[in-house]
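See structure below.
The values are calculated or read from the model by the stated rules, or taken from the named source; none is laboratory data. As the structure is a computational prediction, the values presented were derived from the model and not from experiment. With ideal geometry, Cβ positions are generated from the backbone for all residues, glycine too; neighbour counts draw on all protein chains shown. Ligands, DNA and RNA are stripped out before the accessible areas are found, and what is left, the full protein with its side chains, is counted by its heavy atoms. Shrake-Rupley method; radii C 1.70, N 1.55, O 1.52, S 1.80 Å.
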Amino acid sequence: EAQVTQNPRYLITVTGKKLTVTCSQNMNHEYMSWYRQDPGLGLRQIYYSMNVEVTDKGDVPEGYKVSRKEKRNFPLILESPSPNQTSLYFCATGRNSGGPSYEQYFGPGTRLTVT
Amino acid sequence: ELKVEQNPLFLSMQEGKNYTIYCNYSTTSDRLYWYRQDPGKSLESLFVLLSNGAVKQEGRLMASLDTKARLSTLHITAAVHDLSATYFCAGTTVYNFNKFYFGSGTKLNVKP
């Protein structure tokens, strides 16, 4: 079954304690991306990756890091989380939908609370 | 950067009625995407519109793209309760098709 998995699904942590949210896909997609969703703001892209070892900043990259060492995994790292990073996070993978465009498949989401 | 504005943000409608959600964007883009999100769930891809004049239909939903007007529409025909969800449009610019910009979403409530 084609799927995008995220772990953990829920996390409550304290300010400054490093954490990693994992994202894994079994669809062999080159493109992967991280978003955060906040009420009234829609989704905002944090980082994206076009392939292994190729990553770039989205619209709101501050306070986050990513790596893409394997095609299937794209972890999101918060080195020193702060309360303004409390949010719902989604990982997505992209299937090339014709020309330079991607149809994205989203993971189930990770709800993060930083106190 | 691409600014994406959806309207309305909230839409309450009766079953059987037609309505349109509008998605305006700020700069040159020829790729526009529509997603659906059910409460407490993830996002599901509905449509990928790749060129000016593109029109796609799935069931009671039809999406179109007018790049000259910088406008995409999602038209709902004879709404049913199962269409209740939040709908997002998203775009990329012609300069970087890897970077996505989402609208704030339109929360649709179809009353039986």
Fill in the blank from the handout: In debye to the nearest 20, the charge dipole size for the protein assembly as shown, taken about the Cα centre with +1 at each Lys and Arg Cβ and -1 at each Asp and Glu Cβ, equals 260 debye
Exercise for the section: Mind grabbing the interface size between A and B? I mean buried accessible area, both sides, 1.4 Å probe, in Å² to the nearest hundred. Expected result: 1800 Å²
Practice task
Roll a 1.4 Å probe over the protein chains and send me the accessible area per residue for chain B in Å².
Solution key: 48 Å²
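Are there trypsin sites (Lys or Arg not before Pro) in the stretch B:26-112 that DSSP marks as loop and that have at most 11 other Cβ atoms within 10 Å, and which are they? Working shown, then result.
Values: sites: B:31, B:36, B:41, B:56, B:60, B:68, B:70, B:99, B:107; in loops: B:41, B:60, B:68, B:70.
Of the trypsin sites (Lys or Arg not before Pro), the ones in loops of the stretch B:26-112 whose Cβ has at most 11 other Cβ atoms within 10 Å are B:68.
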Handout entry: For residue B:35, solvent-accessible area (1.4 Å; no DNA, RNA or ligand), Å²
Key = 0 Å²
Problem - For chain B, size of Cβ-based charge dipole, Lys and Arg +1, Asp and Glu -1, in debye - result: 80 debye
Exercise for the section: Compute the separation of the alpha-carbon centres of the stretch B:74-112 and the stretch A:36-65 and state it in Å as a whole number. Expected result: 20 Å
Completion exercise
Going residue by residue through the stretch A:67-73, the Karplus relation 6.51 cos²θ - 1.76 cosθ + 1.60 with θ = phi - 60° gives ³J(HN,Hα) values, rounded to whole Hz and with x marking Gly or Pro, of 8, 9, 8, 10, 5, 7, 10
Fill in the blank from the handout: Carbon/sulfur accessible area of the stretch A:1-81, % of total, 1.4 Å probe, equals 49 percent
Completion exercise
Out of A:21, A:66, A:52, a Gaussian network model of chain A with alpha-carbon springs under 10 Å gives the largest mean-square fluctuation to A:52
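Probe radius 1.4 Å, ligands and nucleic acids ignored: give me the carbon and sulfur share of the accessible area of chain B as a rounded percent.
49 percent
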Completion exercise
Taking N as the number of residues in chain B, the ratio of its alpha carbon radius of gyration to 2.2 N^0.38 Å works out to 1.01
Completion exercise
So, for the Cα atoms of chain A, Rg and Dmax in Å stand at 13.5, 44
Completion exercise
One finds, for residue A:70 and residue A:14 with R0 = 22 angstrom and r their Cβ-Cβ distance, a FRET efficiency to the nearest 0.05 of 0.15
Problem - Choice from A:63, A:16, A:42 with maximal GNM fluctuation in chain A (Cα, 10 Å cutoff) - result: A:42
Handout entry: Equivalent ellipsoid dimensions for the protein assembly as shown as semi-axes, Å, which come from the Cα gyration tensor, largest first
Key = 29, 20, 16
Exercise for the section: Find the Cα radius of gyration of the stretch A:5-66, compare it with 2.2 N^0.38 Å by division, and give the number to two decimals. Expected result: 1.21
Completion exercise
Mean accessible area per residue over the stretch A:2-115 (1.4 angstrom probe, all protein chains present, square angstrom) is 45 Å²
Completion exercise
Per GNM of chain B with C-alpha springs under 10 angstrom, the most fluctuating residue out of B:32, B:50, B:74 is B:50
